Amino acid sequence: MSVTIGGLTLANPVMPASGTFGEGLAGVVDYNSLGAMVTKTITAELRSGNPVPRVSELSNGMLNSIGIPSKGIDHFIAEALPFYRQYGSPLVVSISAPTVEDFASVAKQLNQPGIAAIEANISCPNIEEDGRAFAMTADSTARVVEALRAATALPLWVKLTPNTGDVSAVARAAENAGADALVVANTILAMSIDIETLRPTLGNIMGGMSGQAVKPIIVRMTYQCAQAARIPIIGCGGIASADDAVEYMLAGASAVQVGTASFVKPHALTDVMVGLEAYCRRKGFDRVTDLIGAISDGQMRVDEMDVAL
């Protein structure tokens with residue numbers, strides 16, 4: 001079940017998505033069983049987050065506009081990091097910042113014992129591009145990843161946004177700038193309105209859509225990124241079962257992150273891990289890595305088409 005992501009070996013390819021995992025789940029999930037532990041996104045400064053309500057339920061997913069609340073990097077290093085050091089699974093720290101320089105500064109401060117990799121959340125808005133996410137364009141992606149690569153020797157995972165017109169170009173830019181892996185992808189910008197109150201269901205009006213509804217879109221993006229880049233892809237979006245994880249890996253992902261499903265079913269991570277191994281045994285795959293990119297191209301020979309017709 002082991003996989004290698006940018007020089008980092010994981011016991012299995014299943015991990016939580018940033019923002020859906022924290023110290024409080026230790027009573028429900030065996031952290032030592034996870035492929036990796038991925039923290040909530042941290043920032044250099046103290047942040048209170050967006051106005052409430054911050055979450056809105058959908059029939060097949062959810063909207064959120066949390067706003068990356070954070071107690072700051074100093075608190076993380078002093079208080080949270082010692083907690084995670086007691087577990088054997090690699091710790092991946094998700095970070096966010098408004099500028100290229102701030103991203104590099106946060107990454108540099110995380111060169112700490114017990115941190116196995118950095119996940120750069122470049123899919124959040126930044127002040128250098130009029131509020132657009134760095135990952136919306138190849139040029140801004142390249143600038144921030146280059147600065148991050150210069151600031152740390154830790155494996156660098158770069159989390160992309162689905163809110164871009166050319167995810168393949170962004171993926172190549174991240175790879176060329178020094179990323180070790182790509183996380184595909186963050187939430188899709190969306191909005192809903194309560195027709196009784198005539199108000200948006202989120203205090204910030206718009207937010208990110210996650211859950212089962214986004215899976216076909218992010219599976220497509222995973223496939224495109226796997227075709228465009230040579231570094232590992234970590235699929236993230238609507239994964240609630242082992243079947244979902246298999247689909248992502250067939251599309252080219254080397255590992256997966258489980259997010260929204262954990263809110264509904266706290267043991268979703270465990271279910272995906274167990275189910276993924278069972279699938280490999282049932283289908284005769286000796287290693288889970290045999291699933292990566294094993295999708296059939298769907299092309300039928302002429303004689304097969306005749307039989308089908």
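Descriptive notes on the structure:
- Shape annotation for segment 10-169: C-alpha extents along the principal axes are 43, 41, 31 Å, from largest to smallest.
- If R0 equals 41 Å, the separation of the Cβ atoms of Ala78 and Arg132 corresponds to a calculated FRET efficiency of about 0.80.
- Three-way shape call for segment 228-286 based on the alpha-carbon gyration tensor, with the a/c threshold at 1.5: oblate
- Charge dipole of segment 148-304 (Cα centre as origin; +1 on each Lys and Arg Cβ, -1 on each Asp and Glu Cβ, all else neutral): 300 debye, rounded to the nearest 20.
- For segment 158-309, the Rg and Dmax computed from alpha carbons only, in angstrom: 18.0, 60
- Set of lysines with alpha-carbon distance to Lys215 below 26 Å, sequence-local pairs under 8 removed: Lys40, Lys159, Lys265, Lys283
- Lys265 versus Glu57: modelled label distance in nm, points set 7 Å from Cα along the beta carbon direction: 1.7
- Top of Val106, Val183, Val29 by mean-square fluctuation, Gaussian network on the chain, Cα under 10 Å: Val29
- For segment 63-105, the ratio of Cα radius of gyration to the globular rule of thumb 2.2 N^0.38 Å stands at 1.39.
- Net charge dipole, the chain: roughly 380 debye, given to the nearest 20, about the Cα centre with Cβ charges of +1 for Lys and Arg and -1 for Asp and Glu.
- Scalar couplings 3J(HN,Hα) for segment 179-192, obtained by applying the Karplus form with A = 6.51, B = -1.76, C = 1.60 to θ = phi - 60°, are 5, 8, 7, 10, 9, 10, 8, 6, 6, 9, 4, 8, 7, 9 Hz; x denotes Gly and Pro.
- Shape analysis of the chain based on the Cα gyration tensor places the equivalent ellipsoid semi-axes at 29, 23, 21 Å, largest first.
- Computed over protein heavy atoms with a 1.4 angstrom probe, the accessible surface ordering of Ile195, Ile66, largest first, is Ile195, Ile66.
- Extension gain, Arg287 back to Leu189 (0.36 nm per residue minus Cα-Cα distance, nm): 31.7 nm
- q = 0.12, 0.19, 0.23 Å⁻¹, segment 88-199: log10 I(q)/I(0) [Debye, one scatterer per Cα]: -0.42, -0.88, -1.22
- Solvent accessible area, Å² - Val145, 1.4 Å probe, full protein context: 0
- Take every pair of alpha-carbon atoms less than 8 Å apart whose residues are at least six positions apart; their mean separation over the length of segment 1-159 yields a relative contact order of 20 percent.
- With every protein chain in place, segment 35-78: carbon and sulfur % of accessible area (1.4 Å): 56
- Note, ³J(HN,Hα) from phi for segment 141-151, Karplus 6.51, -1.76, 1.60, rounded to Hz, x at Gly and Pro: 4, 4, 4, 6, 5, 4, 5, 5, 5, 6, 8
- The aspartates and glutamates within cross-link reach of Lys71, meaning a Cα-to-Cα straight distance under 13 Å and a gap of 8 or more places when in the same chain, are Glu45, Glu79.
- Square roots of 5 times each gyration tensor eigenvalue, C-alpha, segment 182-267, largest first, Å: 28, 15, 9
- Extension gain for Ser105-Lys71 works out to 10.6 nm (0.36 nm per residue, less the C-alpha to C-alpha distance).
- Averaging the sequence gap over all C-alpha pairs within less than 8 Å and six or more residues apart, then dividing by the number of residues, gives the chain a relative contact order of 18 percent.
- Mean sequence separation of contacting Cα pairs (under 8 Å, at least six apart), scaled by the length of segment 78-202, corresponds to a relative contact order of 21 percent.
- The length gained by stretching the chain between Ala26 and Ile205 to full extension, at 0.36 nm per residue less their Cα-Cα distance, is 61.1 nm.
The values are calculated or read from the model by the stated rules, or taken from the named source; none is laboratory data. Given the structure is predicted, the values throughout are model-derived calculations rather than measurements. A quick note on method: Cβ atoms are made from the backbone with ideal geometry, for glycine too, and the neighbour counts reach across all protein chains shown. For the accessible areas, the whole protein counts, side chains as well, though only heavy atoms, and no ligand, DNA or RNA atoms are used. Shrake-Rupley method; radii C 1.70, N 1.55, O 1.52, S 1.80 Å.
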